[in-house]
Amino acid sequence: MVDKLSVLFMYWIIYSLLGWIVETIYCSVLDGYFVERGFLNGPLCPIYGFGALFVLLLLNQYSDNVVIVFIFGMIYTTIIEYITSFIMEKLFKMRWWDYSDYKFNIRGRVCLRNSFLFGFLCVVLIEIIHPFTENIMTRIPMTIVHLLSICILISILVDLFISINSIVNLNRKLEEIHYVKEEIWIKLYEEGIVRKLENLRIITDSKLNNLKELKENLTEFKENISIDKVEISLRKKYKSLLMETKYAERRLICAFPKLKSQRYNEALHELRKAIKDIENEDYFKKILKFIKKVFKRSNNF
């Protein structure tokens, strides 16, 4: 029993790794730049691992019929993707991928194009990849398989903890960005009210002399708010929230370009834009640094 579980776990690791490679290459080609995919920090896409095991369990017996493997593989993997999207959205209050722009999609969670590709991958898995992987696994001593399983499992659990913690922190940051921005708008609104009241005071002052008490109250109200100082401090806090983002949080946002927050999507959009601006700035700094080095070396000759 232990041997069988260890072998299944190793299959899960292998297919999660292959899934990460396929997903990263596919998304990088579509987007035109390198996109490191995956929920975990390590090079694994767990959904591919579970999907592969599920397909092997149900369809490996039909390896001699490519049509059945393709059609049912397409159906099974589509169901898995839909359920995974639903569960992850409910758990983390975020939509991790969205196919709403694609034709023949179901609530943006799955689409016909991806289902077709998954069906093709199922055929490749059962007809080519798994027989090769199975052949290699039978040659590895079970002691090594157990050892590898334990070491990899520990590292994955640590990675999972870090990834979940990053999502929790990211949600907190988005909430803070949302409320700081909201507070800024409130202060700006208050400032607008104060200015209107001040203009009203000037008008009434020129026409009526019996509003001295009203004038004093308005002046005291304006002095107590100190809007300018509050607004500046809020803007500084807002800017620092956008600029000071941890690597794990940045990686998640970059790994899922269509990531959406159920509650604070506008804040997520602004955070993504800030990360992109920082990365572009760093890129240009690297180019300038390289040019300076080239000029420095040329001057030495």
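Descriptive notes on the structure:
- Applying 1/(1 + (r/R0)^6) with R0 = 22 Å to the Cβ-Cβ distance of Ile21 and Val66 gives a FRET efficiency near 0.40.
- Cβ-Cβ FRET estimate between Glu244 and Cys151, R0 fixed at 25 Å, reported to 0.05: 0.15
- Additional length obtainable on full extension of the chain from Phe120 to Glu266, 0.36 nm per residue less Cα span: 48.9 nm
- 3J(HN,Hα) from dihedral phi, the stretch 145-159, Karplus parametrisation 6.51/-1.76/1.60, rounded to Hz, x for glycine, proline: 4, 4, 4, 4, 4, 5, 5, 5, 4, 4, 5, 5, 4, 5, 4
- Burial ranking of peptide ranges 55-66, 23-34, 170-181, 131-142 (average Cβ count within 10 Å, highest at the top): 170-181, 55-66, 23-34, 131-142
- Modelled spin labels at Phe34 and Leu112, positioned 7 Å past Cα toward Cβ, are 3.6 nm from each other.
- Theoretical gain in end-to-end length, Arg139 to Leu5 [0.36 nm per residue, Cα-Cα removed]: 46.6 nm
- Pairs from the list Lys181/Lys258; Lys173/Lys276; Lys93/Lys173; Lys103/Lys273; Lys90/Lys273; Lys93/Lys258 with a Cα-Cα gap above 20 Å: Lys181/Lys258; Lys103/Lys273; Lys90/Lys273.
- Normalised Debye scattering of the stretch 1-153 at q = 0.09, 0.10, 0.15, 0.20 Å⁻¹ gives log10 I(q)/I(0) of -0.31, -0.39, -0.86, -1.38, counting only Cα atoms as equal scatterers and leaving out solvent.
- The peptide list 39-49, 112-122, put in order of mean Cβ contacts within 10 Å with the highest first, becomes 39-49, 112-122.
- Calculated FRET value between Asn165 and Glu127, using beta carbons and R₀ = 51 Å, to 0.05: 0.80
Every read-out reported here was derived from the displayed coordinates using simple, explicitly stated rules and does not represent laboratory data. Owing to the predicted nature of the structure, the values given are computational and were not obtained by experimental measurement. Positions of Cβ are generated from backbone atoms using ideal geometry, with glycine treated the same way; all protein chains shown enter the neighbour counts.
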